[in-house]
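S.K.: Could you have a look at this structure, given as structure tokens, before my questions?
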Amino acid sequence: ATTGSSKPTPCSPGTFAATEGLSECDSCAPGSSGAGGAFCSKCAAGTYAANPGQGECIPCPHPLSSRGGGVTCSICKTGYYLQDVSALPVVIFESPTEHCKPCPPNADCSSPNTTLEALGFPRGYWRASNQTTELHKCVASEHCSGSGSAANVE
């Protein structure tokens, strides 16, 4: 909106001026934020903006993370794994510690969004199924090559 002068009023945080020199401001889309300039910026990984018009992206609650441009936090951060891949994003966000569990000893959760099924483990270890977190050291290591799901650490 203009205030009687020839200069347009700057946009408020969470909005942007799509056309320079115009006083009309649009809200930043969910997953982005803006300081009231000429554009909005996509939220960085690990932050989110659930609503349109947010002035800044909010850090994800522990132990959650998000991809860039996130509107919620529904993946587990590095060092944690998602216990149940069928859980809905809103449920994960509401109860993060029920869904994101600390990485088990010797397992590899070095990437965000690790799931129980995709837990990586190093050469020389095995697990009974992709639904268990207990890793066992191999007795005959030439028959035990690790998971290959994540980085194989030697």
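The values are calculated or read from the model by the stated rules, or taken from the named source; none is laboratory data. This is a predicted model, so every value here is computed, not measured. Virtual Cβ from ideal backbone geometry, glycine too; neighbours counted across all protein chains shown. Quick note on the areas: whole protein, heavy atoms, side chains included, nothing else; ligands and nucleic acids left out. Shrake-Rupley method; radii C 1.70, N 1.55, O 1.52, S 1.80 Å.
S.K.: Restricting attention to segment 87-100, which residues are surrounded by fewer than 18 Cβ atoms within 10 Å (Cβ to Cβ) and either in a loop (DSSP other than H, G, I, E, B) or touching a Phe, Trp or Tyr at 6+ places or on another chain (Cβ under 6 Å) (or both)? Lay out the reasoning, then the answer.
M.R.: Applying the first criterion (surrounded by fewer than 18 Cβ atoms within 10 Å (Cβ to Cβ)) to segment 87-100 yields 87-91, 94-95, 97-98.
Matches in segment 87-100: Ala87, Leu88, Ser95.
S.K.: Moving on. Regarding Pro105, is this residue closer than 29 Å to Thr132 by Cβ, over 12 Å from the mean Cα position of the chain (by Cα) and assigned to a loop (DSSP other than H, G, I, E, B)? Working first, answer last.
M.R.: Values: closer than 29 Å to Thr132 by Cβ: yes; over 12 Å from the mean Cα position of the chain (by Cα): yes; assigned to a loop (DSSP other than H, G, I, E, B): yes.
Against the criterion (closer than 29 Å to Thr132 by Cβ, over 12 Å from the mean Cα position of the chain (by Cα) and assigned to a loop (DSSP other than H, G, I, E, B)), Pro105 qualifies.
S.K.: Sticking with this one: Filter segment 61-90 down to the residues that are within 11 Å of Cys43 (Cα to Cα) and among the hydrophobic types (A, V, I, L, M, F, W, C) and list them by number.
M.R.: Filtering segment 61-90 down to residues within 11 Å of Cys43 (Cα to Cα) leaves 66-72.
Result: Val71, single match.
S.K.: Filter segment 17-39 down to residues that are in a strand (DSSP E or B) and open to solvent by 50 Å² or more (accessible area, probe 1.4 Å) and give me whichever is modelled with the highest pLDDT. Outline the logic, then answer.
M.R.: Taking segment 17-39 and keeping what is in a strand (DSSP E or B), we get 26-27, 32-33.
Pick out the ones that are also open to solvent by 50 Å² or more (accessible area, probe 1.4 Å) and you get 26-27.
Numbers: Asp26: 89, Ser27: 92.
Of everything passing the filter in segment 17-39, Ser27 is modelled with the highest pLDDT.
S.K.: If you don't mind, another one. Hey, can you tell me all the residues within segment 63-86 that are open to solvent by less than 20 Å² (accessible area, probe 1.4 Å) and either touching an Asp or Glu at 6+ places or on another chain (Cβ under 8 Å) or assigned to a loop (DSSP other than H, G, I, E, B) (or both)?
M.R.: Pro63, Ser66, Gly70, Cys73
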